[in-house]
Amino acid sequence: MNQPATETRSVIVERDFAFPPEKLWRALTQPHLIEEWLMKNDFKPNVGHRFNLRGDWGGVLDCEVLAVEPNKTLSYTWDHAHADAAYSLKSVVTFTLTPIPTGTRLRMEQSGFRSDQPQAFGGAKFGWQKFLENLNQLLARPD
């Protein structure tokens, strides 16, 4: 008899940016900037705010802000409903910003991948590298 998969995995990406935490924070919390590096959205940095992320691929992620500590921590749910349960995802994304001498270390953790979701896990590992490269390009542009 198969037990339900309860153990979850996380995708963690750490990256150093040559910009102060305040600049990264703006890009993580202002909807027009989020759209440039991540997805279209109706985000507001208020705990309890429900919002959607809309991907180019036509998918919609249902999200809710869990934690906001300006210039330090941002956390929200990242849920994708799918007819096939193996593709449905209930996860949490947490961004942690730490000042370093050269700028800011950003740690992104997306937790909640079940062991029966290798495609979602692999997709997130690939996707977050791309998203954070987009973020770096956005930050590098002159204001």
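Read-outs throughout are calculated quantities, based only on the coordinates presented, and are distinct from any laboratory measurement. The structure displayed is predicted, hence computed values, not measured ones. Cβ placement follows ideal geometry from the backbone for every residue including glycine, while neighbour counts extend to all protein chains displayed.
Taking all Cα pairs closer than 8 Å and separated by 6 or more residues, the relative contact order of the chain comes to 29 percent.
Considering the range 36-143 at the alpha-carbon level, its Rg and Dmax are found to be 14.5, 47 Å. Taking 7 Å steps out from each Cα toward its Cβ at Arg54 and Arg9 produces label points 3.2 nm apart.
Sorting Ile34, Ile100 by the number of Cβ atoms found within 10 Å of their own Cβ, with the fewest placed first, yields Ile100, Ile34. Each of Ser115, Ser10, Ser91 was scored by other Cβ atoms within 10 Å of its Cβ. Listed from fewest to most, they are Ser115, Ser10, Ser91. For the range 8-99, chymotrypsin sites (Phe, Trp or Tyr not before Pro) meeting the loop criterion (DSSP other than H, G, I, E, B) and having at most 10 other Cβ atoms within 10 Å: Trp57.
Using a cut-off of under 14 Å, list every residue of the range 18-53 whose amide N is near the label point 7 Å from the Cα of Gln137 along the Cα-to-beta-carbon line. So the set is 35-39.
In the range 82-134, inverting the average of 1/r over every pair of distinct C-alpha atoms gives 12.7 Å as the Kirkwood radius.
Counting only residues at least eight positions apart within a chain, or on another chain, the lysines with an alpha carbon under 25 Å from that of Lys44 are Lys23, Lys72, Lys90, Lys130. The mean sequence distance of close C-alpha pairs (under 8 Å, at least 6 residues apart), as a share of the length of the range 1-85, puts its relative contact order at 17 percent.
Each residue of the range 12-17 is assigned a 3J(HN,Hα), and the resulting list reads 10, 10, 10, 8, 9, 10 Hz, derived from the Karplus form 6.51 cos²θ - 1.76 cosθ + 1.60 (θ = phi - 60°), x at Gly and Pro. Using a simple spin-label model with pseudo-atoms 7 Å out from Cα toward Cβ, Arg107 and Glu69 lie 1.1 nm apart.
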